1. Determine ³J(HN,Hα), in whole Hz, for all residues of region 219-231 in sequence, where each value follows from phi through the Karplus function 6.51 cos²θ - 1.76 cosθ + 1.60 and θ = phi - 60°; x replaces Gly and Pro.
2. For Lys74, list the lysines whose Cα falls under 16 Å from its own Cα; do not include residues on the same chain fewer than 8 positions away.
3. With charges set only on the Cβ (+1 for Lys and Arg, -1 for Asp and Glu), what does the dipole of region 63-156 come to about its Cα centre, in debye to the nearest 20?
4. Can you list the lysines whose alpha carbon sits under 18 Å from that of Lys102, skipping same-chain ones fewer than 8 residues off?
5. At R0 = 45 Å, how high is the FRET efficiency between Gln131 and Thr22 if r is their beta carbon distance? Nearest 0.05 is fine.
6. Arranged by the count of other C-beta atoms within 10 angstrom, fewest first, what order do His86, His153, His18 take?
7. Counting other C-beta atoms within 10 Å, which of Glu72, Glu271 has the fewest, and how do the rest follow?
8. May I ask you to sort Phe242, Phe122, Phe222 by Cβ crowding, counting other Cβ atoms within 10 Å and putting the fewest first?
Amino acid sequence: MNAWLTQHRKALHWALRHLTATPLNTLLSLLAIGIAMALPAGGQMLLGNALQFARSTNATPQVSLFMQIDAERKAADIIAARLAKHPGVRETHFISREEALKRMQADASLAEVIAALPKNPFPDAFVITPQNDDPEALEQLRDELKTWPNVEHVQLDSAWVRRLDALLRFGRTAVALLATLLGVGLVAITFTTIRLQILTQRAEIEVSRLLGATDGFIRRPFYYFGVMQGLAGGIVAWLIVFGITILLAAPVADIAAIYNTTLSLHSLSAEDSLILLALAAVLGWLGSALSLGRYLRGS
């Protein structure tokens, strides 16, 4: 066990020594990796902020349920009880027909028209906030509510929900494609860097093999080198995204003030940050593995 730990400690020390041996080359490599990783990470940051803003505005999808005009208040109470127990309903707001009438009478342009009517034309209604805002789930909830007794009409403005869902799916797909393409670029950078390290250490590697060193022993320090380079590049990418978030915070707040809304820009979440760093480290390891595999198979 001690020998195994010693080998890994020596491999880690070798990787650190070679990373710091040429600081300018290392810095340029980290900048290239960081910029490449910052593009999809920045896209994910903007996508997360856009989703959070959409959920915090009045654009939260809601379902409006209208009772029959001649339905008694007892029927509305039964509907309210069913909605309170429904697993697909998060929140309900009851609007009585009397309250609806008062709201319409408060509108000066409608007051005379309302006063000319022989009786209250408005039904009792419920404004329902669903648990799931997926378009399919919303439409399924609407179709179910339509079948309930004493329900006249259920209204769902699903057009904007579908547009928002389509835009978010497009954004996620674009971020995934960008991350894939730039991830290939990160692997290529690591592959080239490790290849250069192998060429400079070629004589040492050959001597080690003659002395009986296994391929695992030879691979270990280069794996550490690739992982550390990728991880450091991921940290650079996170710092770039964080810096962009700080720079854009004030302009975004100004735009929000113009539209009389509250909007603050947040950097990557803890989960997204961990995914970014882990992905950068894995891609660095992959570039090392490909470069080493090619060399060891050819030697």
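1. Each residue's phi maps through the Karplus curve to give 5, 3, x, 5, 4, 4, 4, x, 5, 5, 5, x, 5 Hz.
2. Reachable lysines: none.
3. Here the size comes out at about 320 debye.
4. Counting by Cα, and skipping residues close in sequence, Lys102 has these lysines nearby: Lys119.
5. Efficiency, rounded to the nearest 0.05: 0.20.
6. Numbers: His86 16, His153 13, His18 20.
Exposure proxy ranking, most exposed first: His153, His86, His18.
7. Glu271, Glu72
8. Placing the least packed residue first, the sequence is Phe242, Phe122, Phe222.
Where a number appears in this text, it was derived from the coordinates with a stated rule and is not lab data. Here the structure is a predicted model, which is why all the values come from computation and not from measurement. With ideal geometry, Cβ positions are generated from the backbone for all residues, glycine too; neighbour counts draw on all protein chains shown.
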